[in-house]
Amino acid sequence: NKGVKMRKLTIAIIMLFSSLSLASAEMGVNIGISADVGTFSTSGSENENGEVSKKKDAESLVGYGSVFIEKTLGFLPGPFGRLSVGYSHVPHDLKSGTADREDSDMKTGTAGAPVNQKIQADFSNFNTLYATLRITDWLYVKAGSIDVDVTTNEKLGTGSAYGNTSLDGSTIGAGIHIASDNGLFFRFEVNDQNFDGVTLTSTTNSANKVTITDLDGTTAKVAIGKSF
């Protein structure tokens, strides 16, 4: 399970960073907080007893805060010394909007009376492992992998119910880093995020499935931190 593996790697990195002494002036560790705002779009469809609904597209505005810790790799030779590895965590849940629509009930194999379909999701344990490469003293590029848990909260008139899942994804971006002599720094970043698709099977009727084919977003990040 990719989500379990990533969480184990995340714990290992946190333990590594926490074992370092912040008393060292040359430790090469950055810690900070950040705020993101952007838009995400998604596409999905439902297969109910072999009847596939028309693909639905949705877009929403998102905003969230995060904390992060990084280790610079200045001890490496040449351009590798411009690399840093980092971990960021969103310490709060993200809630999606509620999708609400009327559908024909296909659970008998034929179109029936319209039923109300409501679904909403909570996103938690939003973690990112990433690497940055400094192009100049103030410009950098970034790439990483994302893991997030998804809790579905649905009220479907068709009687279907879907379990929770986790999503894996990737992120790429670029940013500007402005540092002061006392170690305080500010950043502005733009990131593209892309999550893998997922198919969920109804826990009440295995013939019913929901498929998410795309979940993509672009966010702008503002960060403040301290270098040690």
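The values are calculated or read from the model by the stated rules, or taken from the named source; none is laboratory data. Quick caveat, the model's predicted, so the values are computed rather than measured. Note that we place each Cβ from the backbone using ideal geometry, even for glycine, and neighbour counts take in every protein chain shown. Please note that ligands, DNA and RNA were not included when accessible areas were found on the heavy atoms of the full protein model with its side chains. Shrake-Rupley method; radii C 1.70, N 1.55, O 1.52, S 1.80 Å.
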Q | residue 61 accessible area, 1.4 Å probe, all protein chains in place, Å² to nearest 10 | A | 140
Q.
Sort 131-137, 145-151 by packing, meaning the average of other beta carbons within 10 Å per residue, with the highest value first.
A. 145-151, 131-137
Q) Residue separation times 0.36 nm, minus the C-alpha to C-alpha distance between residue 80 and residue 135: what's the value? A) 18.7 nm
